[in-house]
Amino acid sequence: MRRTLNVIRLQLINRQTFVWVPLIILASAVVISVLIYAMIPGDAPKYGGGGQAPLWYFFAIGLSAMTLTFPFSQAMSVTRREFFIGTLLTAILGSALLGLLFLLGGAIELATNGYGVNGWVFHLPWLWEAGPLGAFVVYFTLALFFFVVGFTGATIYKSWGPMVLTIVGVALALLLVGVVFLVTRLELWGDVWLGILDLGAVGLALWGLVVVAVLSAVSFLAFRRATP
(Lines give C-alpha, C1' and ligand atoms only; values in the text may rest on other atoms or scores of the structure.)
Protein backbone atom coordinates (compact mmCIF):
# COMPACT_ATOMS: atom_id res chain seq x y z
CA MET A 1 0.00 0.00 0.00
CA ARG A 2 2.82 2.42 0.86
CA ARG A 3 4.45 1.95 -2.54
CA THR A 4 1.09 2.50 -4.22
CA LEU A 5 0.84 5.83 -2.39
CA ASN A 6 4.38 6.57 -3.54
CA VAL A 7 3.18 6.16 -7.12
CA ILE A 8 0.50 8.78 -6.48
CA ARG A 9 3.15 11.11 -5.11
CA LEU A 10 5.32 10.35 -8.14
CA GLN A 11 2.51 11.28 -10.52
CA LEU A 12 1.92 14.50 -8.58
CA ILE A 13 5.55 15.61 -8.31
CA ASN A 14 4.93 17.95 -11.23
CA ARG A 15 1.82 19.77 -10.02
CA GLN A 16 1.47 21.45 -13.40
CA THR A 17 0.26 18.22 -14.98
CA PHE A 18 -2.78 17.55 -12.81
CA VAL A 19 -3.42 21.00 -11.30
CA TRP A 20 -2.07 24.13 -12.95
CA VAL A 21 -2.32 23.26 -16.64
CA PRO A 22 -5.97 22.07 -16.37
CA LEU A 23 -6.78 25.24 -14.39
CA ILE A 24 -5.15 27.45 -17.03
CA ILE A 25 -6.99 25.65 -19.84
CA LEU A 26 -10.29 25.87 -17.98
CA ALA A 27 -9.91 29.55 -17.08
CA SER A 28 -8.88 30.42 -20.65
CA ALA A 29 -11.87 28.54 -22.07
CA VAL A 30 -14.22 30.42 -19.72
CA VAL A 31 -12.77 33.84 -20.56
CA ILE A 32 -12.90 33.21 -24.31
CA SER A 33 -16.45 31.84 -24.07
CA VAL A 34 -17.69 34.84 -22.05
CA LEU A 35 -16.10 37.27 -24.51
CA ILE A 36 -17.86 35.50 -27.38
CA TYR A 37 -21.17 35.47 -25.48
CA ALA A 38 -20.83 39.22 -24.84
CA MET A 39 -20.54 39.87 -28.58
CA ILE A 40 -23.73 37.96 -29.39
CA PRO A 41 -26.77 40.28 -29.42
CA GLY A 42 -30.01 39.36 -27.69
CA ASP A 43 -31.04 38.24 -24.22
CA ALA A 44 -31.59 34.55 -24.97
CA PRO A 45 -29.46 32.04 -23.02
CA LYS A 46 -26.16 31.29 -24.71
CA TYR A 47 -24.63 27.84 -24.31
CA GLY A 48 -21.23 26.63 -25.45
CA GLY A 49 -18.85 23.73 -25.16
CA GLY A 50 -15.78 25.59 -23.95
CA GLY A 51 -15.84 23.69 -20.68
CA GLN A 52 -14.83 20.50 -22.46
CA ALA A 53 -11.33 21.85 -23.15
CA PRO A 54 -9.64 20.45 -20.00
CA LEU A 55 -11.38 17.12 -20.54
CA TRP A 56 -9.38 16.60 -23.74
CA TYR A 57 -6.23 17.47 -21.84
CA PHE A 58 -6.87 14.48 -19.58
CA PHE A 59 -6.30 12.33 -22.67
CA ALA A 60 -2.79 13.78 -22.89
CA ILE A 61 -2.28 13.21 -19.16
CA GLY A 62 -3.17 9.55 -19.66
CA LEU A 63 -0.56 9.28 -22.39
CA SER A 64 2.18 10.95 -20.37
CA ALA A 65 1.37 9.00 -17.19
CA MET A 66 2.38 5.87 -19.04
CA THR A 67 5.10 6.99 -21.43
CA LEU A 68 6.95 9.41 -19.14
CA THR A 69 6.38 8.20 -15.59
CA PHE A 70 6.38 4.41 -15.99
CA PRO A 71 10.09 4.12 -16.92
CA PHE A 72 11.08 6.22 -13.91
CA SER A 73 8.90 4.13 -11.58
CA GLN A 74 10.82 0.97 -12.44
CA ALA A 75 13.92 2.48 -10.85
CA MET A 76 11.97 2.80 -7.58
CA SER A 77 11.35 -0.96 -7.22
CA VAL A 78 7.62 -0.40 -7.81
CA THR A 79 5.76 -3.39 -9.24
CA ARG A 80 3.64 -3.01 -12.35
CA ARG A 81 0.51 -3.70 -10.34
CA GLU A 82 1.37 -0.99 -7.83
CA PHE A 83 2.15 1.48 -10.61
CA PHE A 84 -1.11 0.71 -12.39
CA ILE A 85 -3.27 1.04 -9.27
CA GLY A 86 -1.47 4.17 -8.09
CA THR A 87 -1.80 5.82 -11.49
CA LEU A 88 -5.49 4.98 -11.73
CA LEU A 89 -6.09 6.35 -8.23
CA THR A 90 -4.30 9.55 -9.25
CA ALA A 91 -6.58 9.82 -12.28
CA ILE A 92 -9.63 9.32 -10.06
CA LEU A 93 -8.47 12.09 -7.72
CA GLY A 94 -7.76 14.42 -10.64
CA SER A 95 -11.13 13.69 -12.23
CA ALA A 96 -12.91 14.31 -8.93
CA LEU A 97 -11.10 17.64 -8.56
CA LEU A 98 -12.11 18.66 -12.07
CA GLY A 99 -15.71 17.63 -11.34
CA LEU A 100 -15.73 19.85 -8.25
CA LEU A 101 -14.34 22.76 -10.29
CA PHE A 102 -17.14 22.32 -12.80
CA LEU A 103 -19.69 22.40 -9.97
CA LEU A 104 -18.08 25.59 -8.64
CA GLY A 105 -18.24 27.08 -12.12
CA GLY A 106 -21.93 26.19 -12.36
CA ALA A 107 -22.60 27.83 -9.00
CA ILE A 108 -20.81 31.01 -10.11
CA GLU A 109 -22.87 31.08 -13.30
CA LEU A 110 -26.11 30.78 -11.33
CA ALA A 111 -25.04 33.52 -8.92
CA THR A 112 -24.07 35.91 -11.73
CA ASN A 113 -26.83 34.99 -14.20
CA GLY A 114 -24.33 33.64 -16.68
CA TYR A 115 -21.52 36.16 -16.00
CA GLY A 116 -23.97 38.99 -16.58
CA VAL A 117 -24.42 38.10 -20.27
CA ASN A 118 -26.68 35.04 -19.84
CA GLY A 119 -23.85 32.83 -21.07
CA TRP A 120 -23.34 29.33 -19.71
CA VAL A 121 -20.22 27.19 -19.86
CA PHE A 122 -20.75 24.78 -16.95
CA HIS A 123 -24.44 24.89 -16.02
CA LEU A 124 -25.81 23.18 -19.13
CA PRO A 125 -29.48 22.19 -18.54
CA TRP A 126 -29.31 18.59 -19.75
CA LEU A 127 -26.21 17.84 -17.68
CA TRP A 128 -27.68 19.42 -14.55
CA GLU A 129 -31.20 17.98 -14.79
CA ALA A 130 -30.36 15.47 -12.02
CA GLY A 131 -28.92 18.19 -9.78
CA PRO A 132 -25.35 18.97 -8.69
CA LEU A 133 -24.53 15.37 -7.77
CA GLY A 134 -25.64 14.15 -11.18
CA ALA A 135 -23.59 16.87 -12.89
CA PHE A 136 -20.56 15.86 -10.83
CA VAL A 137 -20.94 12.23 -11.94
CA VAL A 138 -21.06 13.33 -15.58
CA TYR A 139 -17.98 15.56 -15.40
CA PHE A 140 -16.05 13.04 -13.31
CA THR A 141 -16.82 10.23 -15.76
CA LEU A 142 -15.83 12.29 -18.80
CA ALA A 143 -12.47 13.27 -17.33
CA LEU A 144 -11.70 9.73 -16.18
CA PHE A 145 -12.79 8.31 -19.55
CA PHE A 146 -10.40 10.52 -21.50
CA PHE A 147 -7.56 9.68 -19.12
CA VAL A 148 -8.13 5.93 -19.40
CA VAL A 149 -8.38 6.10 -23.20
CA GLY A 150 -5.03 7.88 -23.35
CA PHE A 151 -3.45 5.52 -20.84
CA THR A 152 -4.77 2.44 -22.65
CA GLY A 153 -3.48 3.68 -26.00
CA ALA A 154 -0.06 4.39 -24.53
CA THR A 155 0.00 0.97 -22.86
CA ILE A 156 -0.77 -0.79 -26.15
CA TYR A 157 1.99 1.24 -27.79
CA LYS A 158 4.53 0.35 -25.10
CA SER A 159 3.50 -3.32 -25.22
CA TRP A 160 3.28 -4.06 -28.94
CA GLY A 161 4.44 -0.95 -30.78
CA PRO A 162 2.86 1.50 -33.24
CA MET A 163 1.70 -1.17 -35.69
CA VAL A 164 -0.67 -2.85 -33.23
CA LEU A 165 -1.87 0.52 -31.91
CA THR A 166 -2.69 1.59 -35.47
CA ILE A 167 -4.51 -1.67 -36.18
CA VAL A 168 -6.57 -1.32 -33.00
CA GLY A 169 -7.45 2.29 -33.87
CA VAL A 170 -8.50 1.39 -37.41
CA ALA A 171 -10.52 -1.59 -36.15
CA LEU A 172 -12.40 0.58 -33.66
CA ALA A 173 -13.08 3.20 -36.35
CA LEU A 174 -14.44 0.52 -38.71
CA LEU A 175 -16.60 -0.88 -35.91
CA LEU A 176 -18.04 2.57 -35.22
CA VAL A 177 -18.74 3.16 -38.92
CA GLY A 178 -20.40 -0.27 -39.11
CA VAL A 179 -22.68 0.52 -36.18
CA VAL A 180 -23.64 3.88 -37.70
CA PHE A 181 -24.33 2.17 -41.04
CA LEU A 182 -26.60 -0.44 -39.45
CA VAL A 183 -28.51 2.10 -37.39
CA THR A 184 -28.99 4.28 -40.48
CA ARG A 185 -29.93 1.36 -42.73
CA LEU A 186 -32.48 0.05 -40.24
CA GLU A 187 -33.79 3.57 -39.58
CA LEU A 188 -33.25 3.27 -35.84
CA TRP A 189 -31.96 6.77 -35.11
CA GLY A 190 -35.29 7.79 -33.61
CA ASP A 191 -35.11 4.90 -31.15
CA VAL A 192 -31.48 5.68 -30.38
CA TRP A 193 -32.21 9.31 -29.50
CA LEU A 194 -35.22 8.30 -27.42
CA GLY A 195 -33.04 5.82 -25.55
CA ILE A 196 -30.44 8.51 -24.89
CA LEU A 197 -33.09 10.91 -23.61
CA ASP A 198 -34.57 8.21 -21.37
CA LEU A 199 -31.16 7.44 -19.89
CA GLY A 200 -30.35 11.07 -19.32
CA ALA A 201 -26.88 12.46 -18.76
CA VAL A 202 -26.37 10.53 -15.52
CA GLY A 203 -27.46 7.24 -17.08
CA LEU A 204 -25.01 7.73 -19.92
CA ALA A 205 -22.29 8.62 -17.43
CA LEU A 206 -22.90 5.41 -15.47
CA TRP A 207 -22.57 3.40 -18.69
CA GLY A 208 -19.44 5.42 -19.33
CA LEU A 209 -18.03 4.14 -16.04
CA VAL A 210 -18.65 0.61 -17.32
CA VAL A 211 -16.62 1.46 -20.44
CA VAL A 212 -13.90 2.90 -18.20
CA ALA A 213 -13.80 -0.35 -16.22
CA VAL A 214 -13.49 -2.41 -19.42
CA LEU A 215 -10.72 -0.20 -20.79
CA SER A 216 -8.93 -0.36 -17.44
CA ALA A 217 -9.04 -4.15 -17.55
CA VAL A 218 -7.68 -4.15 -21.11
CA SER A 219 -4.86 -1.77 -20.20
CA PHE A 220 -4.00 -3.82 -17.11
CA LEU A 221 -3.66 -6.99 -19.19
CA ALA A 222 -1.59 -5.17 -21.82
CA PHE A 223 0.47 -3.49 -19.12
CA ARG A 224 2.04 -6.82 -18.18
CA ARG A 225 3.91 -6.78 -21.51
CA ALA A 226 4.83 -3.09 -21.49
CA THR A 227 8.49 -2.18 -21.70
CA PRO A 228 9.82 0.92 -19.88
Problem - Of the criteria (1) touching a Gly at 6+ places or on another chain (Cβ under 6 Å); (2) hydrophobic (A, V, I, L, M, F, W, C); (3) free of Cβ contacts under 8 Å to residues at least 40 places away in the same chain, which one PHE145 fails - result: (3)
Exercise for the section: Being over 16 Å from ALA205 (Cβ atoms) and touching a residue at least 12 places away in the same chain (Cβ under 8 Å) is the filter here, so list the residues in the stretch 109-135 that pass it. Expected result: GLU109, LEU110, GLY114, TYR115, VAL117, ASN118, GLY119, TRP120, VAL121, HIS123
Exercise for the section: Note down all Cβ pairs under 7 Å where the first residue falls in the stretch 41-55 and is in a helix (DSSP H, G or I), the second is at pLDDT below 90 and surrounded by 10 or more Cβ atoms within 10 Å (Cβ to Cβ), and they're at least six residues apart or on different chains. Expected result: PRO54/PRO22
Practice task
Please name all residue pairs, on different chains or six or more residues apart, with Cβ atoms under 7 Å, provided the first residue is in the stretch 165-194 and is under 20 Å from LEU63 (Cα atoms) and the second residue is loosely packed, with under 10 Cβ neighbours inside 10 Å.
Solution key: none
Problem - Tally, over the stretch 5-28, of residues that are of a type outside the set (Lys, Arg), surrounded by fewer than 19 Cβ atoms within 10 Å (Cβ to Cβ) and assigned to a helix (DSSP H, G or I) - result: 12
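Among the candidates VAL138, VAL179, single out the residue that is buried (at least 19 other Cβ atoms within 10 Å of the Cβ) and assigned to a helix (DSSP H, G or I).
Values: VAL179 fails: buried (at least 19 other Cβ atoms within 10 Å of the Cβ).
Every option except VAL138 fails the conditions.
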Practice task
With respect to ALA65, determine if the residue is assigned to a helix (DSSP H, G or I), small (Gly, Ala, Ser) and either under 27 Å from LEU204 (Cα atoms) or within 18 Å of the chain's Cα centre (by Cα) (or both).
Solution key: yes
Fill in the blank from the handout: Scanning the stretch 215-228 residue by residue, the ones that are over 19 Å from PRO162 (Cβ atoms), over 14 Å from the mean Cα position of the chain (by Cα) and surrounded by 12 or more Cβ atoms within 10 Å (Cβ to Cβ) total 1
Handout entry: Residue identified as among the aliphatic types (A, V, I, L, M), within 24 Å of SER159 (Cβ to Cβ) and at pLDDT below 90 among LEU68, LEU55, LEU88
Key = LEU68
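The values are calculated or read from the model by the stated rules, or taken from the named source; none is laboratory data. These numbers come from a predicted model, not from an experiment. Cβ: placed from backbone, ideal geometry, glycine included. Neighbour counts: every protein chain shown.
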